[in-house]
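The values are calculated or read from the model by the stated rules, or taken from the named source; none is laboratory data. Model, not experiment: these values are computed from the prediction. All Cβ positions, even for glycine, are placed from backbone atoms using ideal geometry, and neighbour counts span all protein chains on display. Calculation scope for accessible area: heavy atoms of the full protein, side chains included, ligands and nucleic acids excluded. Shrake-Rupley method; radii C 1.70, N 1.55, O 1.52, S 1.80 Å.
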Amino acid sequence: QFVESDDDEELLFNIPFTGSVKLKGVLVMGEDDGTHPAEMRLFRNIPHMSFDDTAREAEQTFSLNRDPLGELEYPTKIARFSNVYHLSMHFPKNFGAETTKIFYIGLKGEWAE
């Protein structure tokens with residue numbers, strides 16, 4: 001099972017947390033082809049973020065490598081992600097396909113009430 005973008009390569013995930021999270025790392029698993037996301041932009045504490053909001057500057061941007069096994073962890077700047085109650089993940093481009101597919105997103109960190 002996977003999530004696939006509709007009519008272009010962009011995907012946006014909004015993830016609300018039930019407490020405060022210190023986000024330390026992110027894993028992204030896709031296929032070993034052009035549908036794998038090539039870039040990830042993280043935004044914190046913007047509930048109900050839409051594609052219109054992605055024009056703003058991200059808290060952190062990552063260039064992704066193809067990772068069909070979900071083994072690569074991308075470390076976050078912990079100072080920027082130490083009090084997160086809502087995480088938005090924007091994937092603006094992939095490795096050349098018309099749509100983007102993501103099979104797994106892993107979040108590593110600490111949760112507090």
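In the chain, how many lysine pairs have Cα atoms under 14 Å apart, counting only pairs 8 or more places apart or on different chains?
6
From the phi of every residue in the range 9-14, what ³J(HN,Hα) in whole Hz does the Karplus formula 6.51 cos²θ - 1.76 cosθ + 1.60 yield, where θ is phi - 60° and glycine or proline is x?
8, 7, 10, 9, 10, 10
Within the range 25-57, which residues have the backbone N less than 16 Å from the label spot 7 Å out from residue 85 along Cα→beta-carbon, could you tell me?
44-49
Counting only heavy atoms of the protein chains, get the accessible area per residue of the range 48-113 (1.4 Å probe) and round it to a whole Å² value.
Per-residue value: 62 Å².
Could you pull out every residue, at least 5 positions away or on a different chain, whose amide H is within less than 5 Å of the one on residue 94? Hs are placed 1.01 Å off N in the peptide plane, and Pro or chain starts have none.
Residues meeting the criterion, in which the H sits 1.01 Å from N, are 38.
Can you give the FRET efficiency to the nearest 0.05 for residue 4 and residue 51, using r as the Cβ-Cβ distance and R₀ = 22 Å?
E(calc), rounded to 0.05, equals 0.85.
What three numbers, in Å, describe the spread of the alpha carbons of the chain along their principal axes, ordered from the longest?
39, 31, 24
How about the range 62-96: which trypsin sites (Lys or Arg not before Pro) there lie in a loop by DSSP and see at most 10 other Cβ atoms within 10 Å?
none
Whose amide H sits under 5 Å from the amide H of residue 17, counting only residues 5 or more places off or on another chain, with H placed in the peptide plane?
Amide H to amide H, under 5 Å and 5 or more residues apart or across chains, residue 17 pairs with 86, 87.
Can you give the net charge of the other residues whose Cβ lies under 11 Å from the Cβ of residue 34, counting K and R as +1 and D and E as -1?
Taking every other residue near residue 34 into account, the sum is -2.
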